[in-house]
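The values are calculated or read from the model by the stated rules, or taken from the named source; none is laboratory data. Note that this is a predicted model, so its numbers are computed, not measured. Counting neighbours? That spans all protein chains shown, and the Cβs are built from the backbone with ideal geometry, glycine included.
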Amino acid sequence: MRIDVLSTRQRLTLFAGAALLLPVILVVVFMVSSDYRLREAAVEREALAAARELMLLSDARVEADLAGLRVLVGSGTFADRNPTLLLARLTGALTVNPGWKALVLTDLRSGTVVLDSGLPDGGIGAEEPARTSVVSPPRVHVGGVARDGRNCPCVDLHMPVPGLPDHLLSLAVDPHVYQAILLSHLPMGAVGGIVDRDGLFLARSIDYADRLGTPGTHYVRDAVARGGEGIYSGRTYEGLENYTAYVTSERHGWSSHVAVNRSLIDGPRAGYRAAVAVGSIAALVAAAGLVGYLVLDLAMRRREERAMLELQKVEALGRFTSTVVHDFNNLLSVMQSALHQIGKHSTDPEVMRIIGLARDAIQRGTRLTNQLLSFARRGDVEIEKLDLSTLVQGIEGLLGRSVGDRTSLSIEIAEDARWVLANRDQMELALVNLAINARDAMGGGGRVTITATRNANMVELSFADSGPGIPDHLRGQLFKPFVTTKAPGEGTGLGLAQVEGAVRQAGGSVEARNAPQGGAVIIMRLPAAS
């Protein structure tokens, strides 16, 4: 009685202490959650600010290049239409404008290049086909990035030429100017990129040479399609899980993307959620914690007691096996040799019949010892990459004899479910044990189906029969040692226990159920071997 009173006092003390501490806990939770929220918002704000700055600088560079084109086409450069003089003036413009690679004059009516300052002779009179990125009718146009082609890699800007109807002056800008903007203004530790309206990289902080002019990830392209600005969750080509701030240019449709490590936002976000959760359930935890602990402790003790009983059974079987099973196998070997010698010196049919019966008895004894050894060797078996199709084909004859002549045997192994991780000997023995159980359950005739299918990273090997099924009261204990549905003297209760041990040692699980159309189904889930 004293113990009960003391236990009650302890519970009351815990509850009273929780009630007194609750206001303090709530204040601390509020302060911690606010700090986490501020840290999360600061990371997002800094990433968005960096993306806006990158986009503003990129827009400014585009507008500066367009302004240079406007000055060039409006300066009378094209008035005399002298190709040689025009080429000299365009070449001079390239020298005073860093990042300009080539100026190309295109006749949109014929679809040909009239002049290309990027070629050694200017392409005068070459009548080369125009680039596919030019537009008709002539208008000011900011193109995208091109990786390959004449004067590339480049970013195309187009400007109509006053006085030359249907002519377009195109500027090829070196993408390195945008790469320089990106690298000089990207926050430390972040991964960034600038893409055109089609989601192709103009600049990228990682693997720039290989990614220039190629599509961004689908996360980037989805953001390009949405437009505007915001933050999305994604993954880079290198596998970096991140949150990315992006800003889209309203003028040209380009966008800048600044990716920060996911932990910089997920960490504070998780901390905030955890703090709010703690504050929400603090009162419930204080009131119900002790009761919950007592209930869980009682349930745990019961599970431990049941597990201890099972462990003692297995240990007893292991000790028994280690002392007698090898000697028993030696006796069986001697008997097998003796029968072989008798068979060599006798042709009497009756003697041969008796020898056959004795050999059958020896085979049953061998199977029994193998079952016992499977328990004794728990944790001491070799797990290997195993071809189920080859394994089942190799013992198909033995399985056929095990289920009996009046039972049809169907085997179907899916191609993607052939390879598993398991022990060959134990899996062969498991299938034979299931075949014998099915034969006994069906009374000597019926149907047995073995199938294997792939389910994610596991292979489900199913063994189904057309027998009466499994009684409900035995389904939860079917795989325990010494549990059997057979009459006394007809079963050891080790067959299905061996099946469970073989599958579990391979890192899988086993389940028994009744099929809707009747019969029992044993499903062995084994790790798939790629």
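Condition check for residue 183 on (1) touching a strand residue (DSSP E or B) at 6+ places or on another chain (Cβ under 6 Å); (2) of a type in the set (A, V, I, L, M, F, W, C); (3) under 25 Å from residue 96 (Cα atoms): one failure, at (1).
Residues in the range 412-430 that are in contact with a strand residue (DSSP E or B) (Cβ under 8 Å, 6 or more places away or on another chain), in contact (Cβ under 8 Å) with a residue 40 or more places away in the chain and outside any loop (DSSP other than H, G, I, E, B): 412, 417, 419, 420, 421, 422, 424, 427, 430.
Residue by residue, here is whether (1) outside any helix (DSSP H, G or I); (2) farther than 22 Å from residue 65 by Cβ; (3) free of Cβ contacts under 8 Å to residues at least 12 places away in the same chain holds:
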| site | (1), (2), (3) |
| --- | --- |
| 171 | yes, no, no |
| 192 | yes, no, no |
| 222 | no, yes, yes |
| 230 | yes, yes, no |
| 242 | yes, yes, no |
| 252 | yes, no, no |
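Scanning the range 81-93 for residues that are assigned to a helix (DSSP H, G or I) and either basic (Lys, Arg) or at pLDDT 90 or above (or both) yields one hit, 89. Consider the range 501-527. How many of its residues are of a type in the set (A, V, I, L, M) and farther than 13 Å from residue 423 by Cα? Residues that pass the stated criteria total 8. Of all the listed residues (247, 191), the sole one being in the same structural domain as residue 143 (by TED's automatic domain parsing), among the aliphatic types (A, V, I, L, M) and modelled with pLDDT of 95 or more is 247.
What number of residues within the range 226-254 satisfy the criterion of being within 30 Å of the chain's Cα centre (by Cα), within 18 Å of residue 196 (Cβ to Cβ) and among the polar types (S, T, N, Q)? Qualifying residue count, the range 226-254: 1. Scanning the range 497-530 for residues that are without any contact (Cβ under 8 Å) to a residue 60 or more places away in the chain and part of a helix (DSSP H, G or I) turns up 500, 504.
Listed here are the residues, each with its yes/no results for (1) at pLDDT 70 or above; (2) closer than 27 Å to residue 59 by Cβ; (3) of a type outside the set (Lys, Arg); (4) touching a Pro at 6+ places or on another chain (Cβ under 8 Å).
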position	(1), (2), (3), (4)
221	yes, yes, no, yes
264	yes, no, yes, no
281	yes, no, yes, no
285	no, no, yes, no
288	no, no, yes, no
307	no, no, yes, no
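Picking from residues in the range 425-449 that are β-branched (Val, Ile, Thr) and touching a helix residue (DSSP H, G or I) at 6+ places or on another chain (Cβ under 9 Å), the one that is surrounded by the fewest Cβ atoms within 10 Å (Cβ to Cβ) is 436.
Residues that are over 17 Å from residue 422 (Cβ atoms), modelled with pLDDT of 90 or more and among the hydrophobic types (A, V, I, L, M, F, W, C) within the range 457-482 comprise just one, 464.
For (1) touching a Gly at 6+ places or on another chain (Cβ under 6 Å); (2) modelled with pLDDT of 80 or more; (3) surrounded by 17 or more Cβ atoms within 10 Å (Cβ to Cβ), each residue gets a yes or a no:
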| site | (1), (2), (3) |
| --- | --- |
| 15 | no, no, no |
| 20 | no, no, no |
| 49 | no, yes, no |
| 54 | no, yes, yes |
| 59 | no, yes, yes |
| 62 | no, yes, yes |
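Please indicate, with yes or no, whether at least one residue in the range 255-272 is part of a loop (DSSP other than H, G, I, E, B), assigned by TED's automatic domain parsing to the domain that holds residue 145 and under 14 Å from residue 200 (Cα atoms). No - not one qualifying residue is present in the range 255-272. Every condition in (1) in a helix (DSSP H, G or I); (2) modelled with pLDDT under 85; (3) over 30 Å from residue 267 (Cα atoms) holds for residue 78 except the one numbered (1).
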